[in-house]
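No lab work stands behind these numbers, since they all come straight from the coordinates. Computed from a predicted model, the values in this text were never measured in an experiment. Cβ sites come from the backbone with ideal geometry, for glycine too, and all protein chains shown count toward neighbours.
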Amino acid sequence: MPSLGRLHLITDTRPGRDPLAVLRAVLPVARTELVVQVRVEDTATDREAYDLARRVVGLCAPYGVTCLVNDRLHVALAAGAAGGHVGADDLPVDAARRVLGPDSVLGATAREPVSAVAAVNAGASYLGVGPCHATTTKDGLPPAIGAAGVRAVVEAVNVPVIAIGGVTAEGVPALRAAGAYGVALVGALSGAADPACVAAELLRGLSC
Ligand SMILES: Cc1ncc(COP(=O)(O)OP(=O)(O)O)c(N)n1
Ligand SMILES: Cc1ncsc1CCOP(=O)(O)O
Ligand SMILES: [Mg+2]
């Protein structure tokens with residue numbers, strides 16, 4: 001299994017965004033500290049998800065950067081990604097592990113210790129934990145758990161915890177202090193005037 005980077009860039013495929021331009025800017029700065037998760041809107045077709053995933057895999061390969069696919073594990077396999085990420089509305093973690101095989105990276109969403117432990121026992125190799133803070137990127141989420149909620153999960157499991165939801169460079173030190181291994185973001189990089197500069201700031205916080 002590839003070692004996991006600490007900065008998880010999730011593609012922003014909302015109208016008007018250019019996820020590949022953001023990725024091109026961030027790759028040379030973050031290199032193997034980067035993980036890219038291909039996440040498309042629920043309304044996207046599998047073909048659109050596959051086409052994006054192939055392009056992301058192609059851009060990541062020269063840098064040795066891990067590419068994962070959110071939700072659609074058949075797309076992950078078909079596109080040659082290193083693994084995938086599942087949450088409550090996706091395949092259960094044990095089924096996802098069977099689909100991906102024993103050596104792939106498999107992330108699972110958790111927001112509290114009991115479901116976090118269950119996800120790890122079912123085969124998750126890392127956990128995406130949140131929402132840590134308010135976010136405008138995804139609707140319908142439960143209340144933010146804050147750094148204290150992240151800490152509760154970190155103390156319950158022995159896999160890397162990736163904090164997600166409203167993460168900014170300013171917020172990274174508190175999340176690291178809570179034991180987060182890394183962070184996952186959409187808006188803070190996708191909406192940045194200079195994504196490379198923001199990525200460098202995020203990495204400084206993650207290296208402490
Ligand atoms: C790293 C990381 N953590 C959490 C999520 C959220 O996954 P999920 O709960 O399945 O929600 P969607 O992203 O599918 O809308 C994630 N994608 N990545
Ligand atoms: C997919 C997802 N799951 C929990 S928060 C979130 C969105 C994170 O986006 P942002 O970094 O813009 O808050
Ligand atoms: Mg999902």
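The label point for R204 and the one for D51, both projected 7 Å from the Cα toward the Cβ, are 3.9 nm apart.
Projected label points at N158 and E170, each 7 Å from Cα along the beta carbon direction, are separated by 3.9 nanometres. Each principal axis of segment 1-50 carries a Cα extent, and these read 31, 26, 14 Å when sorted largest first. Kirkwood's formula applied to the C-alpha pairs of segment 7-206 gives a hydrodynamic radius of 16.6 angstrom. Taking other Cβ atoms within 10 Å as a rough exposure proxy, R14, R47 sort from fewest to most as R47, R14. Between A61 and N121, full extension at 0.36 nm per residue minus the direct alpha carbon distance yields a gain of 18.6 nm. As a length-normalised measure over Cα pairs under 8 Å and 6 or more apart, the relative contact order of segment 7-206 settles at 19 percent.
Annotation: amide H-H contacts under 5 Å for V35 (H modelled 1.01 Å from N, sequence separation of 5 or more, or interchain): L7, H8, L9. Excluding P19 itself, what net charge comes from residues whose Cβ is under 13 Å from its Cβ, given Lys and Arg +1 and Asp and Glu -1? Local net charge: 0.
Legend: ranking of residues C60, C67 from fewest to most surrounding C-beta atoms inside 10 Å; resulting order C60, C67. For the chain, the mean residue ellipticity at 222 nm estimated from helices alone is -11000 deg cm²/dmol, where every DSSP H run of n ≥ 4 contributes -39500 (n - 2.57) and the total is divided by all residues, rounded to the nearest 500. Note on D42 and A21: the model spin-label points, each 7 Å out from Cα along the C-beta direction, lie 2.9 nm apart.
The stretch between V99 and K138 holds 11.4 nm of extra length on full extension. This uses 0.36 nm per residue minus the Cα-Cα distance.
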